[in-house]
Structure formats: structure tokens, C-alpha cells
Amino acid sequence: MITGFLDKLKNLDIPTCLRVCAGTDGSITFLLEIMTKEDVSVITKNQYLIPADKDTASLFNIDIGDEINYRTVALVAGNKPYVYARSLSPIKRMPPEVKQDMMRADIPIGKILRNHDIETRRDFENLEVEENHEYFECNQVLSRSYKIIHHNHVLMWINELFPVDDRWYL
């Protein structure tokens, strides 16, 4: 999937800084801090536990009904939102120290993984441009989704939305 993802990304007419953020397999928060020269705030919009339905259970290879942490956040630098992200994480799959930090609001996922020396990889799934999304005041958003893999199991599924506008000309 990485080849198809990369080909799609190369063919999009978007600012270079946005292309770098959308194409990284590392921390978006860290990249935003470098690019904007600002501290990035993680503002939690929603966080609650939901039971795994058939599709979610299949995604994580867990039982239907197992607890899933559902979290939505905005990444904001200099009072400007750059990313809106949704994540799903099966509670029973999380190492205890990661679970504790994940359940606390406003800590970036990349920082949680780094602080606890959790080695992971990101497997990209989808990349597309969507029109008139509700989270940003712009005509288009770039949407990417991926899985964070730890010990050959899906630890998290993440969907990130990036506004396609001039805020990326940094």
C-alpha cells in the first residue's frame, strides 16, 4: 500500500509543508513544531470508550464488545488549527503505561509512544482529498488514515484531516 499512497501524495497539488506532514510515518506534532516554530497544543474534542462492533473487532483482531478508546483532537499552533485527528485504540491491547497516558487528554500519540519506548510502525491505508469538510473553514481537506502496529498487532487506527489552504506556506 505504501507505493500507492506515495504515488497519490506525489500527484496532489498541495503545499510542500502539507505534503511532508501527510507523507511522514513519524510524529505530526513534532513536524508542526519545527515548521511553525510554535508549541503545538493538542486540544481534545471527544474521548470516550465504545464497544467494538464487527468491523472494529475485525480491524483490531479482538472480540465484539471489547472496549475501544475513541478520541478526537485538534493540533493547534499559534492559535491556528492544522490537523483534526480521530483515533481508535483497543484498551486490552495497550501496555498499562500507555493506557494511562492515552486516557489522559491532550497528550500527542507520538509523544506517548516515544515516552514509553514503544517501537511501532505506521501502515498507511488511505489518502484522499475531500470537499467542504466541517472541521476547517476551507474548500478542501486532505484525509489520511493509517494503522499503528506494535508487535505485529494493530495498536491504533488513526484518521487525520489537514486543511488544504495557505496556512501551509510556512
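Each value in this text was obtained by applying a stated rule to the coordinates, not by laboratory testing. None of these values were measured; they are calculated from a predicted model. Neighbour counts are summed over all protein chains in view; Cβ atoms, including those assigned to glycine, are modelled from backbone coordinates with ideal geometry.
Taking other C-beta atoms within 10 Å as the exposure proxy, 150, 116 rank 116, 150 from fewest upward.
Between residue 139 and residue 101, the contour length at 0.36 nm per residue exceeds the alpha carbon distance by 10.2 nm.
3J(HN,Hα) along the stretch 128-142: 7, 9, 10, 8, 6, 7, 5, 8, 10, 8, 7, 6, 9, 10, 8 Hz, from the Karplus curve 6.51 cos²θ - 1.76 cosθ + 1.60 with θ = phi - 60°, whole Hz, x for Gly and Pro.
When the chain is treated as a GNM, springs tying every alpha-carbon pair under 10 Å, which of 23, 110, 65 comes out with the largest mean-square fluctuation? Looking only at 23, 110, 65, the biggest GNM fluctuation is shown by 65. Considering only 51, 90, 81, the mean-square fluctuation computed in a Gaussian network model of the chain, springs between alpha carbons under 10 angstrom, is largest for 51.
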